[in-house]
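The values are calculated or read from the model by the stated rules, or taken from the named source; none is laboratory data. Owing to the predicted nature of the structure, the values given are computational and were not obtained by experimental measurement. Cβ coordinates were reconstructed from backbone atoms using ideal geometry, including for glycine residues, and neighbour counts include every protein chain displayed.
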2 protein chains.
Amino acid sequence: MSRVDVGALVDEARAGRPLAVARLISLVEDESPHLRAVAEALSPHVGRARVLGLTGPPGVGKSTSTSMLVSAFRARDLRVGVLAVDPSSPFSGGALLGDRIRLHDHTTDPAVFIRSMATRGQLGGLATATPQALRVLDAAGFDVVLVETVGVGQSEVDIVSLADTTVVLLAPGMGDGIQAAKAGILEVADVFVVNKADRDGADTTVRDLRHMISLGRRELGPSWRQPIVRTVATSGSGAEDLVTALADHHAWLVSTGALGRRRAARARAEIEAVALRELRARWGGVRASERLDRLAERVAAGALDPYAAADELVG
Amino acid sequence: MSRVDVGALVDEARAGRPLAVARLISLVEDESPHLRAVAEALSPHVGRARVLGLTGPPGVGKSTSTSMLVSAFRARDLRVGVLAVDPSSPFSGGALLGDRIRLHDHTTDPAVFIRSMATRGQLGGLATATPQALRVLDAAGFDVVLVETVGVGQSEVDIVSLADTTVVLLAPGMGDGIQAAKAGILEVADVFVVNKADRDGADTTVRDLRHMISLGRRELGPSWRQPIVRTVATSGSGAEDLVTALADHHAWLVSTGALGRRRAARARAEIEAVALRELRARWGGVRASERLDRLAERVAAGALDPYAAADELVG
């Protein structure tokens, strides 16, 4: 293994060098031997970044909205990090040419750092790697970190829970959008965005959403009223309203103490994800793996049930 | 807790009583006190069902295709179970009225059992509950079990890995479909379906897909040639071709021994999911939970990194 001066890398990242940031994220992503040293070196510097989660069904304009928000924060001279964990996102490799071109300004801006997180691999891989990457950006002094995920599936819901403020995007005429919202993302939203608000049906979507919010109110308690912001991300229309809504929510988080509670919950989830991964790595050792194979054969053959097998594995 | 005669329930399920099947699935879903007794009672009866996974991006016609396949299998007098883990699926509650009506025939057929799996809840919840529900249907004597998932996100990829044969659905003119495919579902496909094949662009989609398959061939090895089946699920066109492709793949699985390997891999994943869940439950105990809270506070405050915290937790 090559020698890495972790302390120097963290210093460089904090001085604003994108290559150092990229290197640190690779180190935490790859489960390198330096992983623990990196995590330790980052620790004193975390907790300053505002973490925003953006989620919504495919086709709603998440990437364009992320791009719009990046512009709005840059206009306020804030440094912005983006973690894209959406397989359909142009950030993460599934780009249409037009989207890539639209993002080009940001990718050459040294105060903007964009990183896509692979969505494949081991169970729990993303659940560990994404919070670690977030810690790198936080420690490196980015004022805002945007975490963009597609709003379907359990792993995405888990990742959304990393955010201080979660923005759920919908668009007019997307039955799927409302369906996905029903399936769970409605509850995680702090701020709603109806994107493509210049299209037919935007009023209906806003009305439907308002109705759903009013129904959910009883359970959520009275303290935060989820705003609905209309945007046209392709033109930047509504960006200021969205930034205001985000600032309002941040102020609410601070004033109620919810920010500290959310961040403690995030840390708890992070510790658990790391711990589960460690345990899994132990089972992956040669002898443990053979034992698991033998148990699996017996379960597949109907000689043992998976609960009894798990008991034997955990021991 | 109410008294449950697990053995009698399993007997009733095996005799074809839908209520017993539903009851058993609820018992494994709810992590009831009877969970282990159910798992044990099912064990000797599993391993007979053919498990088919259906996945693809939203809007591709997964539910209609599932419905078409159910009809095709019923015409062969096979008993069919359906597990829908797609939040946008009509099976799982996000129905448009038309879809529900289309499915109505099946829902009143006692040889067809349809169950939607909730996509929300604890980390790993679905990863545990879906395979257990699959075991119930398998033990109850369903000849075929269809597992329908939306093809984005890590958890869905994990669930797809339950299947003996994975069918990936695409449709003409869906850039998203191809993007999703690129993001990973291409590799998990045993059989491709181009649904809505009567629409413009179907030939292009088939050609693109054939091209991608030829590029991927080198890595996959020569042994199974992924077929591309054209269907119009709303009219049932292509159903026979699809059933043939599925039978061909099953024959290939049996002749090469891949079936046994896949099922052992499924059992391994299942044991791991249960074991992780057990460990997580231990941490959820009152004292363990307080310890985790204190660790989380220190991590959130930057006094400890998550790896060091996980070490303390695991001990």
Fill in the blank from the handout: Only unsatisfied item for residue B:300, checking (1) facing chain A (nearest Cβ under 8 Å); (2) closer than 28 Å to residue B:190 by Cβ; (3) buried (at least 16 other Cβ atoms within 10 Å of the Cβ), is (2)
Problem - From the options B:207, B:135, residue that is at the interface with chain A (Cβ under 10 Å from one of its Cβ atoms) and modelled with pLDDT of 85 or more - result: B:135
Fill in the blank from the handout: Apart from one, (1) assigned to a loop (DSSP other than H, G, I, E, B); (2) at pLDDT 60 or above all hold for residue A:121; the odd one out is (2)
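Check whether at least one residue in the stretch A:256-267 is more than 14 Å from chain B (Cβ to nearest Cβ), under 30 Å from residue A:68 (Cα atoms) and part of a helix (DSSP H, G or I), and report yes or no. Spell out how you get there, then give the answer.
In the first step, residues of the stretch A:256-267 are kept if they are more than 14 Å from chain B (Cβ to nearest Cβ); the result is A:256.
Add one more test, that the residue is under 30 Å from residue A:68 (Cα atoms), and what stays is A:256.
Now narrow it down to the ones that are part of a helix (DSSP H, G or I): A:256.
Checked the stretch A:256-267: at least one residue is more than 14 Å from chain B (Cβ to nearest Cβ), under 30 Å from residue A:68 (Cα atoms) and part of a helix (DSSP H, G or I).
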Exercise for the section: Among the residues of the stretch A:1-23, write down those that are within 13 Å of another protein chain (Cβ to nearest Cβ) and either farther than 25 Å from residue A:277 by Cβ or within 23 Å of the chain's Cα centre (by Cα) (or both). Expected result: A:10
Exercise for the section: Would you confirm whether any residue within the stretch B:224-234 is modelled with pLDDT under 95, closer than 30 Å to residue B:11 by Cβ and not basic (Lys, Arg)? Expected result: no
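Kindly check whether there is at least one residue in the stretch A:46-68 that is of a type outside the set (Lys, Arg), within 14 Å of another protein chain (Cβ to nearest Cβ) and more than 19 Å from the chain's Cα centre (by Cα). First the steps, then the outcome.
Here is the first cut: in the stretch A:46-68, the ones of a type outside the set (Lys, Arg) are A:46-47, A:49, A:51-61, A:63-68.
Next, only the ones that are within 14 Å of another protein chain (Cβ to nearest Cβ) stay: A:46-47, A:49, A:51, A:55-61, A:63.
Subsequent filtering for residues that are more than 19 Å from the chain's Cα centre (by Cα) retains none.
No, because not a single residue in the stretch A:46-68 is of a type outside the set (Lys, Arg), within 14 Å of another protein chain (Cβ to nearest Cβ) and more than 19 Å from the chain's Cα centre (by Cα).
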